[in-house]
Structure formats: structure tokens, C-alpha cells
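So the structure is just underneath, and the comments pick up after that.
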Amino acid sequence: MSYVDEVYDRVVKQNPGEAEFHQAVKEVLDSLRLVIDANEEKYRKLGLLERIVEPERIISFRVPWVDDQGNVQVNKGYRVQFNSAIGPYKGGLRLHPSVNQGILKFLGFEQVFKNSLTGLPIGGGKGGSNFDPKGKSDREVMAFCQSFMTELSKYIGADQDVPAGDIGVGAREIGFLYGQYKRLTGLYEGVLTGKGLNYGGSLVRTQATGYGLVYILDEMLKHNGKDLKGKSVVISGSGNVAIYAAEKAEQLGAVVVALSDSSGYIYDKDGINLDLVKEIKEVRRGRIKEYTDVVKTAVFTEGKGIWTIPCDIALPCATQNELDLEDAKTLKKNGCFAVAEGANMPSTREATDFFLENEMYFMPGKAANAGGVATSALEMSQNSQRLSWTFEEVDEKLHQIMVNIYQKAADAAERYGVKGNYVAGANIAGFEKVVDAMMAQGIV
């Protein structure tokens, strides 16, 4: 049995019931076979794969808080500190009922390679809770965040672990978390990113993941003789990533015709009115269906099915495993030639394989959605230097980082004889940097 297969079997055996984590590890290790097989003796002797698939630390804790009726509620809180070989742990906090240890291990594992690709000195981590902020009052969210941070504050710091936002954690939640961290530690430091602009936040952070996704998509298309201008785009989701991917795609001349949320999707053949979507989702915190109350020519369809809409380019920006093999086949049949992932692992393994086998241009999430964490790291830099850069300065740095990520993935794929396979390229490029750092630091 090969070293890769041995380590994967070990992961499955030692982490039962964590399907998403198994999936992420298998996808990465399979695409790294070329590198690992060439260095098997050295890697095996150093236990490198065993170390890279095992988090350095997992913190699990209870989060008690009082609701508006005076009742005590209890949620589970986690922080998975996966790998700090190239810098302090960096990765979001997710508040959603689906959060469990296995989901966070998958996200933390992916984050290690994503952060490595940015070229910035940040390791990988992830955290969160099964608390659902939807339908909660501001006071309830504050009570939860203060309780959560009371425990988490013992394990994080500007040079140790710097969490950010993720699903369910926006400006409101970051503010409450940061306020409690300061109260507990007496420190005013860059320990959280995604902060408000008036207390250490960075311009472009809200737009960063969506903008970065389109920057790397544009780079991939250019290098393959294609262009975004005039192309039809379907985007799943309607949160920050989807909204700002749509905004940047439209700025570059594409036509975004569909967006979705957990209730269903809207199709507007004339192109989505983003100002209206922002009003519904960011101001009113409403449902995407409300779009059709204003735009009568748009159509809302309940449930899944957004990938049945014909398009040139698909950008899955909602959640893991939202796009399966049948969706991939439908996209191809309807003329889609490029897919770039705004969410973390939104395409199943079978869908990813289909894209590659059918020579569609496919950019995986760890490369395509790295703009968010890259801009978080830029926020850390500004905090350390007590500086504040302009929107244009941060946007230009973000654009250059995404261009560099494309180049790293493309170069690594070509070096190992799989030109155009950006899945393998991104994994190899991210892996090489982390492994070199781990070997240099000895057995830690």
C-alpha cells in the first residue's frame, strides 16, 4: 500500500463519522501523489503526512448564555488550530447549526493550504459554534459572543491565533467578540480581523473574497484565451461572497443572471440588480424571493436547481458539497465552460473530477476564495504598523495576490506534468511551502 493510502486509511479510522474531513484529506492527498511518491522515503521517515493531517490542537468548550426570556441556553464552541508552520493560526469563526468538530477540521485543513498560497505568513485554523444567529435579537447575539469569547480568549492572540468572520459572523458579531476580548485581556491588538473601520478594520475586507474570486477567474480565462466580457454568470448564495463576486463580475463586463439563498433561487435574464439584492440581504436581512416583488420579470424557484440555468460561467459561493455530479453534467450540457469556487469545497469529488475530465476550466476554493483571508492578513499588517491603507491600495494588493496564486497553481501543475489541472497545482504549491517549513523546524 502506498504512503498516501496508508495515511488516508488512518485518517478515516481515527476520525470516524467526519465525512467532510475525510473528503478534504482524500482530495488533497490524491492530487499530491506525484509529489509524495517522489519523496516517499523522506516523508515517511519524518511522519510528514501523519503530522499534516492531524491538527496541532483542538479546543472544545461549552457556551452558556441567557436568552431574552431569561432562560439559559448552552451551545458547543470549538477552535481547531491546525498548522502553525508558516505563521499564527488564521481562519474564520462559523456560527451555524451545522457546525461540528468534523466540519471545522475539514475547513481548518483546507485553510492551511489556502493560507500558504497567499504568500503571507499565516498558518491554518478554524472555529465556531452550533449557535444560530438567525432570528436572535442583538442582545442575545451579544450574550452568546461574550460567553464564547470568555473561553476562546485563553487560546488566541495577535501572534498566536487570529480568527476572522465566516458564515453567521459579520461586523456585528466581530464587534461583540472584540469588545469582550479587550475587556478580558486589557489588550488592544489585531487579534480579530473583519473589525469595523473605526477600530482597526481594513477597507475591502467585506468585498475581498468575492472580488478575489473574480480576479483569479479573470486571470485563468485570460491565460486560456478567454474573456469575462459579455459572458453569462450563475452564482449560488447571496451573502458577502456572492454579492461582491457579482459586483466585480459586472464591473468586468459579465452579466450575472442568478443568485440563491437557502429557500431557493432567482433568475433575471436581464442581469441581477445588485443594489436591490444588497438592500434585501444586507439592510433588511430578508430572503432572496423578495427580489421578485420589485422586479416582475425575474423568476423565483423554490429549493435547489440553480445549476440548471444555462450559463457560460458558474461560481458556487454558498456551502460545501452544493454542486454534485448531475449538476456538473447539466452545466456542461448547457454550455458552461468555467467554474471557480467561492465557497469551501462546494463541488463534490465526483463533480470536480468531471470538470477536469471534460477539460472545463476549474479553479478550486483553496485558491479561488483565498482573497478573504489574504485581506485579513493585510488587516493584521495594518494593525501591527498602526496604519490604514486606502481602498485602492488594499484592492491592488488583493488583485496582485490573486494573480500570484493563479501563477503558483499553474506553474506547479506544469512542473508535475498536469498542465491546466489547477486542483493539483493549488494543492502542490500550498503543500510545498508548508512542508518545507515543517522540515526546517524539526519534529514539532
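The values are calculated or read from the model by the stated rules, or taken from the named source; none is laboratory data. Just so it is clear, the model here is predicted, and its values are computed rather than measured. In this analysis, Cβ positions are derived from the backbone assuming ideal geometry, glycine residues included, and neighbour counts consider all displayed protein chains.
The sole residue among PHE113, PHE176 that is surrounded by 24 or more Cβ atoms within 10 Å (Cβ to Cβ) and outside the structural domain of CYS317 (by TED's automatic domain parsing) is PHE113. For the range 202-227, the candidate set comprises residues that are among the hydrophobic types (A, V, I, L, M, F, W, C) and touching a Ser or Thr at 6+ places or on another chain (Cβ under 6 Å); within that set, the residue that is surrounded by the most Cβ atoms within 10 Å (Cβ to Cβ) is ALA208.
Across the range 364-409, the number of residues qualifying as polar (S, T, N, Q), in contact with a Lys or Arg (Cβ under 9 Å, 6 or more places away or on another chain) and in a helix (DSSP H, G or I) comes to 3.
Quick grid of which residues meet (1) free of Cβ contacts under 8 Å to residues at least 40 places away in the same chain; (2) outside the structural domain of GLY135 (by TED's automatic domain parsing); (3) in a helix (DSSP H, G or I); (4) surrounded by fewer than 19 Cβ atoms within 10 Å (Cβ to Cβ):
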{"position": "LYS281", "(1), (2), (3), (4)": "no, yes, yes, no"}
{"position": "GLY286", "(1), (2), (3), (4)": "yes, yes, no, yes"}
{"position": "CYS311", "(1), (2), (3), (4)": "no, yes, no, no"}
{"position": "LYS332", "(1), (2), (3), (4)": "yes, yes, yes, yes"}
{"position": "ALA351", "(1), (2), (3), (4)": "yes, yes, yes, no"}
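Residue pairs whose Cβ atoms lie under 7 Å apart, separated by 6 or more positions or on different chains, with the first residue in the range 400-413 and more than 13 Å from HIS223 (Cα to Cα) and the second surrounded by fewer than 16 Cβ atoms within 10 Å (Cβ to Cβ), are ALA413/LYS419.
Residues that are in a helix (DSSP H, G or I) and hydrophobic (A, V, I, L, M, F, W, C) were ranked within the range 313-330; the one that is surrounded by the fewest Cβ atoms within 10 Å (Cβ to Cβ) is LEU325. Residues in the range 73-89 include at least one that is among the basic types (Lys, Arg), in a strand (DSSP E or B) and in contact with a Pro (Cβ under 8 Å, 6 or more places away or on another chain).
For the range 413-422, filtering for residues that are surrounded by fewer than 24 Cβ atoms within 10 Å (Cβ to Cβ) and either part of a helix (DSSP H, G or I) or assigned by TED's automatic domain parsing to the domain that holds ASP218 (or both) leaves 3. You will find that of GLY196, GLY264, GLY271, GLY230, the residue that is more than 22 Å from ASN369 (Cβ to Cβ), under 23 Å from the mean Cα position of the chain (by Cα) and surrounded by fewer than 16 Cβ atoms within 10 Å (Cβ to Cβ) is GLY196 and no other.
Of all the residues that make up the range 2-46, how many are at positive phi and either assigned to a helix (DSSP H, G or I) or without any contact (Cβ under 8 Å) to a residue 60 or more places away in the chain (or both)?
Initial filter on the range 2-46 (at positive phi): 17.
Imposing the further condition that a residue be either assigned to a helix (DSSP H, G or I) or without any contact (Cβ under 8 Å) to a residue 60 or more places away in the chain (or both) reduces the set to none.
Selection size over the range 2-46: 0.
Here is the figure for the range 183-198: residues that are within 16 Å of TRP389 (Cβ to Cβ) and outside any loop (DSSP other than H, G, I, E, B) total 2.
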